[in-house]
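K.L.:
Structure incoming, see below.
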Amino acid sequence: MCASDDHGLPTRKAPARKIDRRLVLAGAVAGLVAPSVAPAVARAAAPKPIPQPSTPGPKAFMRRAERMRELASAAGDQGYGAVIVKNNKIVGQAPSRVVTGKDPTAHAEVEAIRDAANRLGTRDLSGCVMYGTFKACAMCETAAYWAQLDRVYHGSAITDGGKPKYGGC
């Protein structure tokens, strides 16, 4: 709809703005609920502390990786497990969750890297080493490379796989 100004030139009237009461109400409710819910969400997201072996060392770390493998098998997943260690302390651990999580990338090694990164609050895992129940596949070794792990050990013989390489080659 056009109107004229004092000089007879056409002008446009801005359409009247309609206030959506639902949006106003939703904003008000969010403002009231968010402060009380946020601390509860933060507490729920905090991971449980990882029990540490009484005598830390490569054998104890591999035993924990084997325990993760047992948990994966018991849950109906592929029998793989891994732990991430920094300064002789387990900072991340995980069983395989490929089948149970319906996620083809949820290999034990990748899940352990995710757990360690979450617990340490950084994606840079320099100074960490990984113990896995089997030799890491190309995807897992590449994930260890990008996480900047120092070394990867695998199998019950605790074979030193060396510094992770891009593409596992």
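Just so it is clear, none of the values below were taken in a lab; they were calculated from the coordinates. What you are looking at is a predicted structure, and each value in this text was computed from that prediction instead of being measured. Cβ placement follows ideal geometry from the backbone for every residue including glycine, while neighbour counts extend to all protein chains displayed.
K.L.:
Which residues in region 66-101 have a backbone N closer than 18 Å to a point placed 7 Å from the Cα of residue 126 along the Cα-to-Cβ line?
P.N.:
From region 66-101, the list is 85-88.
K.L.:
Continuing with this model, one more query. Just want to confirm a number: the relative contact order over region 61-169, from Cα pairs under 8 angstrom separated by 6+ residues, in percent.
P.N.:
That works out to 22 percent.
K.L.:
Structure shown: which of 135/163; 48/163; 102/135 lie over 18 Å apart, alpha-carbon to alpha-carbon?
P.N.:
Correct reply: 48/163; 102/135.
K.L.:
In nm, to one decimal, how far is the residue 70 label point from the residue 87 one, both placed 7 Å along Cα→Cβ?
P.N.:
If labels sit at residue 70 and residue 87, their model points lie 3.0 nm apart.
K.L.:
So if R0 is 25 Å, what FRET efficiency would residue 163 and residue 103 give, r being the distance between their Cβ atoms, rounded to the nearest 0.05?
P.N.:
That pair, residue 163 with residue 103, gives E of 0.40.
K.L.:
Same structure, new question: Give me the percent relative contact order of region 40-117, please, defined on Cα pairs under 8 angstrom at least 6 residues apart.
P.N.:
Answer for region 40-117 is 23 percent.
K.L.:
Where does each of 51-57, 119-125 land if you order them by average Cβ count within 10 Å, highest first?
P.N.:
Ranking the peptides 51-57, 119-125 by packing returns 119-125, 51-57.
K.L.:
In Å, the Kirkwood hydrodynamic radius of region 76-126 over pairs of distinct alpha carbons?
P.N.:
11.0
K.L.:
Using just the C-alpha positions of region 95-169 as equal point scatterers, what log10 of I(q)/I(0) does the Debye formula give at each q in 0.17, 0.25 1/Å?
P.N.:
-0.58, -1.19
K.L.:
I've got another one for you. For residue 92, enumerate residues with amide H under 5 Å from its amide H, sequence gap 5+ or separate chain, H modeled in the peptide plane.
P.N.:
Long-range HN contacts for residue 92: 84.
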